[in-house]
Amino acid sequence: MIFVALDPGAVAEAPPPPSLVDAIGVPVESVWRTPLDHLALLDSPAAVAAAVPAIDALPALDARGLIVTAPGGDGVDFTSRFFAPAIGIPEDSVTGSAHASLGPFWAARLGKTSLRARQASARGGDVELRVEDDVVHVGGPAVTVSHGLLVV
């Protein structure tokens, strides 16, 4: 479980940068700004899955990356994907830091503080969130890909 402190007002609706809406490749309902990323609200999980962002256009945006999200999904409260080619990640499989912003965003809209989410990348993953004031608890199943010992 990851604990992330976040200013609850840190996700705010914002005018999209000129090329953002066209770069996403599907209709966008609204655009928001998180402390690190642009967030595009779409109308359905199918639209999230269908999004094919112009990866070459995203690094020009003044943000780490782009989150696309929509309410619902198969057994979850919301679905998302995360793209960050500016930092060498065309699409991330499952992104805890993006969910630190998505938690309060969806908690406010859905009126609940415990949420289930699905990141619909090719590998995909499920995320459990609990929003408590200015802290977001992010957790879910994980696989250890490396193990080491730090000697100082």
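Quick check on the chain: helices-only [θ] at 222 nm, where DSSP H runs of length 4 and up contribute -39,500 (n - 2.57) each and the sum goes over total residues. Nearest 500, please. Walk me through the intermediate numbers first.
Numbers: 3 runs with 26 residues, N = 152.
Theoretical 222 nm ellipticity from helices: -5000 deg cm²/dmol.
Enter the Cα centre distance for the pair region 6-48 and region 75-141, rounded to the nearest angstrom.
After rounding, the separation between the Cα centres reads 14 Å.
Over region 13-152, with a single point scatterer placed on each C-alpha, what log10 of the ratio I(q)/I(0) does the Debye formula yield at q = 0.13 1/Å?
-0.54
By its C-alpha gyration tensor, with a ≥ b ≥ c as the square roots of the eigenvalues, how is region 84-129 shaped: rounded for a/c under 1.5, else prolate for a/b larger than b/c, else oblate? Write out the running numbers ahead of the final one.
Working: a/c = 3.18, a/b = 1.84, b/c = 1.72.
In terms of gyration-tensor shape, prolate.
Taking a probe of 1.4 angstrom, what is the accessible area of ARG116 in Å², to the nearest 10?
Probe radius 1.4 Å; accessible area of ARG116 about 90 Å².
Quick one: among ALA49, ALA63, ALA108, which has the greatest mean-square fluctuation in a GNM of the chain with alpha-carbon springs under 10 angstrom?
Greatest mean-square fluctuation among the candidates belongs to ALA108.
The values are calculated or read from the model by the stated rules, or taken from the named source; none is laboratory data. Owing to the predicted nature of the structure, the values given are computational and were not obtained by experimental measurement. Heads up: the accessible areas ignore ligands, DNA and RNA and are worked out on the full protein's heavy atoms, side chains in. Shrake-Rupley method; radii C 1.70, N 1.55, O 1.52, S 1.80 Å.
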